[in-house]
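Below is one structure, written out as structure tokens; the observations come after it.
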There are 2 protein chains.
Amino acid sequence: MTTLDPKNDYLTVINMFSVDPSKADDLLQALMDETEHRISKAPGFVSANFHVSKDRKYVTNYAQWRGQADLDAMMADAEGNQYFKRVRELADKVSPVFYDLRASYGPAS
Amino acid sequence: MTTLDPKNDYLTVINMFSVDPSKADDLLQALMDETEHRISKAPGFVSANFHVSKDRKYVTNYAQWRGQADLDAMMADAEGNQYFKRVRELADKVSPVFYDLRASYGPAS
């Protein structure tokens, strides 16, 4: 379970992985494996949330980090890693965008 | 504040609005106005979360709905609406993708 709250002031990364729809579940599993075994242990990691699009063309991670330096350190450590390699084999294209969360709304009361 | 939990079984819509960086804050404000005055009152609306990218080229909404029918009804009601018009004036391109949230991770303990 993950909480989105602008007050937390985290770095938000929304990372879209384009994928052949027949490989979407394999890519999801590879991303879950990498997160469980490696990324969730990295300093400054806050959350990862994996989504599969209804048309199965995208697997998208909504991730939160304490800050850019923590994310950069984790990425520098990724090269040559077996989990990272598997993700790159399965995904056609990886498009990360870096954000600040500015506002959250629930239903009007 | 918004909670991401695969057990909720919501429809997740990640909607990227491409924007001239000089207009990112105006677009954010237009989206917040539309959400406050209209969308947050729609049946089946669960949450909207607005992000501005670090390079200011994207304003992205991470939104949750009870289901596709609720979202479709809200969109059918949007045409001609003053808030909707303002958003369309400011955004260069709107790219919604529809998802299921499949897995959430926090830091490894």
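Quick notes on this one:
- Charged-residue dipole, Cβ positions (Lys, Arg, Asp, Glu), chain B about Cα centre, Debye nearest 20: 200
- A simple charge model with +1 on the Cβ of Lys and Arg, -1 on the Cβ of Asp and Glu and nothing else charged puts the dipole of the protein assembly as shown at about 40 debye relative to its Cα centre.
- Diffusion coefficient of the protein assembly as shown by Stokes-Einstein, Kirkwood radius over Cα pairs, 25 °C, 0.890 mPa s: 138 µm²/s.
- Its Cα gyration tensor gives segment B:1-63 an equivalent ellipsoid; the semi-axes, largest first and in whole Å, are 23, 15, 8.
- At R0 = 45 Å, FRET efficiency that the Cβ-Cβ distance of A:Asp20 and B:Glu79 yields, to 0.05: 0.80
- Distant-in-sequence amide H partners of A:Ala103 (H built 1.01 Å from N, under 5 Å): B:Phe50
- The relative contact order of segment A:1-59 comes to 49 percent, based on Cα pairs under 8 Å that sit 6 or more residues apart.
- Alpha carbon Rg of chain A, scaled by the compact-globule rule 2.2 N^0.38 Å: 1.11
- Label point 7 Å beyond Cα of A:Asp92 along Cβ direction - residues of segment A:1-35 with amide nitrogen under 20 Å: A:15-31
- Within the accessible area of the protein assembly as shown (1.4 Å probe), percent carbon and sulfur: 47
- Accessible area per residue for chain A is 49 Å², calculated with a 1.4 Å probe on protein heavy atoms, without ligands, DNA or RNA.
- Chain pair B, A: total accessible area buried, heavy atoms, 1.4 Å probe, Å²: 3700
- Residue-averaged beta-carbon neighbours from other chains (10 angstrom radius) around A:49-58: 6
- In chain A, the calculated helix contribution to ellipticity at 222 nm averages -9000 deg cm²/dmol per residue, counting -39,500 (n - 2.57) for every DSSP H run with n ≥ 4.
- To the nearest ten degrees, helix A:24-37 and the longest principal axis of the Cα atoms of chain A are 70 degrees apart.
- Comparing the full protein assembly with the isolated chain, the residues of segment B:78-109 losing at least 30 square angstrom of accessible surface (1.4 Å probe) are B:Val97, B:Phe98, B:Tyr99, B:Asp100, B:Arg102, B:Ala103, B:Ser104, B:Tyr105, B:Pro107, B:Ala108.
The values are calculated or read from the model by the stated rules, or taken from the named source; none is laboratory data. Treat the numbers as computed from the prediction; the structure is a model and nothing was measured. Note that each Cβ is placed from the backbone with ideal geometry, even for glycine, and that neighbours are counted across all protein chains shown. Remember, those area values only see protein heavy atoms, side chains included, never the ligands or the DNA or RNA. Shrake-Rupley method; radii C 1.70, N 1.55, O 1.52, S 1.80 Å.
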